[in-house]
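Everything on this sheet refers to the single structure shown next.
The values are calculated or read from the model by the stated rules, or taken from the named source; none is laboratory data. Worth saying up front: this structure is predicted, and the values here are computed from it rather than measured. Note that we place each Cβ from the backbone using ideal geometry, even for glycine, and neighbour counts take in every protein chain shown. Each accessible area value is taken on the protein alone, full model and side chains, heavy atoms only, with ligands, DNA and RNA left out. Shrake-Rupley method; radii C 1.70, N 1.55, O 1.52, S 1.80 Å.
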Amino acid sequence: MGTGQHTMEISKTNSKNDKSKIMSILIARDGLSFYISAKIPTGSGNCVERKFNSPKTPGEILEQIESTLQDENIFLEEMETISIVYANNLYCFVPAEFFDENHLSDYLKFNAKILTTDFLAHDFLKNKKYVNVFVPYANINNYFFERFGSFEYKHSASVLAENLLSKNKSKEEIMYVQVFWNHFDLVVLKKDKLLLCNSFLFETPEDFVYYILFVAEQLKLDPENFVLNLSGKISEDSENYKLLRDYVRNCAIVKNEWEISSGKHFSFNAQECE
């Protein structure tokens, strides 16, 4: 193995390439995103997205995955590779020097509500300084293993932190916020050091801004001075951004090499749906 009813919205972008062989999937409690592309990147691909109006359980998420694959005629058997990114708050970063694979639950139990039956996994970041211990959804892993066989999976925070750490050179603290449907991942870096990585659920612009300011206060970051870069499902016209601008002076929406989401899709390789 790779290492109730609610209404929802669905959007789809058509492909310019009909011979798609690679699929990456973002799986979150507030939505799903499927990106299918050719083995050799062509700059285009199929993107199917489903946004949930309320957070779903792992069982409900699997039902939505199955219905999406059926409704959109996505045949897993035709995929050469499948990669999955789990975006949940069931994770914890551990300095590599203190990491022991025999104590995965000990790292998580103070930060997340886990069950004795939960399957735990971990991602080693490429810089070899940090390990992310997290809970993938075992029922979803089992489903893909039974349908497809081998596949890859990681946690969204691992992908984000890894990309940021590989690019960041600033000697000052910089905050990065990756926005999804109703949650966001927040990372604070200082050069090659990971100062903080956490995820927050939000419903209103006030929620969104509150959590960012709360983190800034805890780390003693001055809203008049620290740099905040945002990406994902946010635009200059969004209420979240407009309100944030009232409180944080140096905030901007960016699209750089480290960016993982274009606002519609999230994957290992910074692929995007236009």
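Numerical summary
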| quantity | calculated |
| --- | --- |
| Qualifying residue in the range 239-247 (condition: of a type outside the set (A, V, I, L, M, F, W, C), modelled with pLDDT under 95 and not in a strand (DSSP E or B)) | no |
| Scan of the range 123-142 for residues that are under 20 Å from Cys197 (Cα atoms) and open to solvent by 40 Å² or more (accessible area, probe 1.4 Å), ordered by number | Phe124, Lys126, Asn127, Lys128, Lys129 |
| Total residues in the range 151-173, condition in contact with a Pro (Cβ under 8 Å, 6 or more places away or on another chain) and open to solvent by less than 10 Å² (accessible area, probe 1.4 Å) | 1 |
| Count of the range 84-119 residues which are in contact with a helix residue (DSSP H, G or I) (Cβ under 6 Å, 6 or more places away or on another chain) and crowded, with 17+ Cβ neighbours inside 10 Å | 5 |
| Residue among Tyr210, Tyr176 that alone is among the aromatic types (Phe, Trp, Tyr), surrounded by 19 or more Cβ atoms within 10 Å (Cβ to Cβ) and farther than 25 Å from Arg50 by Cβ | Tyr176 |
| Any pair with Cβ under 9 angstrom, 6 or more apart, that starts in the range 95-116 at a residue that is more than 15 Å from Ser158 (Cβ to Cβ) and ends at one that is loosely packed, with under 12 Cβ neighbours inside 10 Å and of a type in the set (S, T, N, Q) | Ser105/Thr116 |
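Rundown of residues vs (1) modelled with pLDDT of 95 or more; (2) open to solvent by less than 40 Å² (accessible area, probe 1.4 Å); (3) within 25 Å of Phe200 (Cβ to Cβ), yes/no style:
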residue	(1), (2), (3)
Tyr35	no, yes, yes
Ser54	no, yes, yes
Glu60	yes, yes, yes
Thr68	no, yes, no
Asn73	no, no, no
Thr81	no, no, no
